[in-house]
Amino acid sequence: MSASGALRQTGGSAGGGNHDPGSDGPTRRVRRRDPVTWVQRGGLSSLLFALPLLIIFGVFSWWPIVRSVVMSFQKTNLVADPTWVGWKNFEFVLTDPDLPTAILNTLYFALLALVFGYPIPLVTAVLMSSVRRRKGLFSVLAYLPVVVPPVVAVLLWKFFYDGAADGVFNTILSYVGLGPYAWLSSPSLAMPSLVLEATWAAAGGTVIIYLAALLSVPDELYDAAEVDGAGIWRRVWHVSMPQLRGVLLITFILQIIGTVQVFLEPYLFTGGGPANATLTVLLMIYDYAFGRSLGGNYGAATALSVLLATFLAILSLLYFKLTSGWSKS
């Protein structure tokens, strides 16, 4: 079809019998999308099918978000009538002397979790994918910590972290001439101790994701690399890693978001101590709402929550913008 004919496709009848004088073929009429056509093509039935899901999301996800944003500009204890205070909640939160400590501790936790918790599942998945026998058994063992309830896991590790000389970890380390260590009572060891337990508890799910991605890599690529004389680490680097690039980018940002929102470990292990060494942003939010008084400062808690959500949203947008072409290159 010529260029002039392509520009005049909208002329002529839908049946294709009419020809445009300057074209080489029949013209086609572009139909407008009107409500009747939308209903005839199943749009209404699709909307009715999705309506329960939209209602559930609206009630349990979107409405609490909107309500939190509104509450961040109010002074309320959820009992008396709220009072509109504008930006005072944000001013109160941003001038809290504990906020810089909480931010630094949260970033420290996120950094340690990335250094130890990000490569360990990847290395584990690569090693498990190279095993010829009993892959199912190793997958179950890797995923087992995820099945353990988080509170039970924390209480179990808290017993292991007993700072006495006869504590579980101190007893094991004494066999090699190390310890005893205070663990959770030490300002320098408390946060690494929390990261160790969090990595153990969450790594199994990421291992399964990496294993599923590795199974999708064609065996022909590994065979060709082996024929070329590539060892196991060169096959991993030049074959496995490029195929996992998209998955690695997603798990990286998800781990950042998850570690920045850490709450369970510092709350159950140390309560933010010792000497605020494990105080995190989410723990401050909890303290604002529930920990400091019976009628908590819910306005300040939601204000800090909105600030944290805004930061994570901006970080995610920048990350996906900067890495949009990495998974395809």
Quiz prompt | Any hit, the range 272-289, residues being farther than 17 Å from T101 by Cα and open to solvent by 20 Å² or more (accessible area, probe 1.4 Å) | solution = no
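Out of the range 173-198, which residues are among the β-branched types (V, I, T) and open to solvent by 20 Å² or more (accessible area, probe 1.4 Å)?
V176
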Practice problem: Please verify whether the range 131-142 includes one or more residues that are surrounded by 15 or more Cβ atoms within 10 Å (Cβ to Cβ), in contact with a Phe, Trp or Tyr (Cβ under 8 Å, 6 or more places away or on another chain) and without any contact (Cβ under 8 Å) to a residue 60 or more places away in the chain. | Solution: no
Self-check item: helices (runs of 4 or more DSSP H) within the range 166-261 that include 2 or more residues touching a residue at least 60 places away in the same chain (Cβ under 8 Å) and among the β-branched types (V, I, T)
Solution: 190-215, 245-260
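The values are calculated or read from the model by the stated rules, or taken from the named source; none is laboratory data. Nothing here was measured: the structure is a model prediction, and the numbers come from that model. Neighbour counts run over all protein chains shown; Cβ positions are idealised from the backbone, glycine included. Just the protein is used for accessible areas: all its heavy atoms, side chains included, with ligands, DNA and RNA removed. Shrake-Rupley method; radii C 1.70, N 1.55, O 1.52, S 1.80 Å.
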